[in-house]
Amino acid sequence: MLGYLAGGVLLAAGTLPLIPRSILALIPVAIAANIVIGQVVGTITPIPLYLDSIGTVMIGVLAGPAAGAFTGIISNLIWGVTLSPSVIAFSSGAAFIGAAAGWAARLGAFRTPWFAVIAGALAGIPAGALGAPVAAYVFGGGLGSGTGGVVAVLQAAGLEMLNATLAQSLFSDIIDKALIFALAYVIVRTLPRRIRDRYPFTDHSRARSSRAAVRVG
């Protein structure tokens, strides 16, 4: 686990210089949201989802891929050191989701709800593929109460550990990230204009009519 921790620290250090200073005050709030929601969903509820990256995705949408990746990494490191050491091993996946949110926002995916959902589902595919080998070989399957149950059912149906974990990861991550990207779209749309204007990167997520109005104004 120390190797994963060291790798996460190095990744975070590499992205820090690329982060807009205006977003730094929001990152602790995003980290807290990730940890609280992720801990509740992963340990208490039986649903086979994670919902532990809403803060990461929001930072990616507001400030770009580097800020999103940094938030994902730091969330997992703090969460792992304080509550659940196993999540440290999934820091690379958390970084990818934050970066993917920023890339999707740059391409305009958060201008409409359906594009946000599609972008989230697509991001869930590599996220699931990244996490499955770690879950299978390091931890012996799904870690949450819901995801672990799905892996157990698939193994009982005859799938080997890696295949069962990969199937569960892809299923869970696609749905999970589609929901989170959709929620991020709603949150961005409900933010007051004065707050959005603090983060120029959100211009990528404005509806085309709003962007045109800004240019005319």
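The values are calculated or read from the model by the stated rules, or taken from the named source; none is laboratory data. Predicted model, so just to flag it, every value in this text is computed and none were measured. Cβ: placed from backbone, ideal geometry, glycine included. Neighbour counts: every protein chain shown.
Points worth noting:
- Considering (1) surrounded by 21 or more Cβ atoms within 10 Å (Cβ to Cβ); (2) at pLDDT below 90; (3) among the acidic types (Asp, Glu), the lone condition that Asp197 does not fulfil carries the number (1).
- Helices (runs of 4 or more DSSP H) (entirely within region 1-99) containing at least 2 residues that are crowded, with 20+ Cβ neighbours inside 10 Å and at pLDDT 95 or above: 27-43, 54-63, 65-82
- Selection count, region 104-117, where residues are surrounded by 16 or more Cβ atoms within 10 Å (Cβ to Cβ) and either assigned to a loop (DSSP other than H, G, I, E, B) or in contact (Cβ under 8 Å) with a residue 40 or more places away in the chain (or both): 9
- Pair list, Cβ under 7 Å, 6 or more apart: region 153-173 residue outside any helix (DSSP H, G or I), other residue at pLDDT 90 or above and of a type outside the set (Ser, Thr, Tyr): Leu159/Ala167
- Test for Ile125: is it within 28 Å of Ala136 (Cβ to Cβ), free of Cβ contacts under 8 Å to residues at least 40 places away in the same chain and either of a type in the set (Val, Ile, Thr) or outside any helix (DSSP H, G or I) (or both): no
- Residue check for Ala178: of a type in the set (A, V, I, L, M) and touching a Leu at 6+ places or on another chain (Cβ under 8 Å): no
- Count of region 149-190 residues which are surrounded by fewer than 19 Cβ atoms within 10 Å (Cβ to Cβ) and farther than 24 Å from Trp114 by Cα: 13
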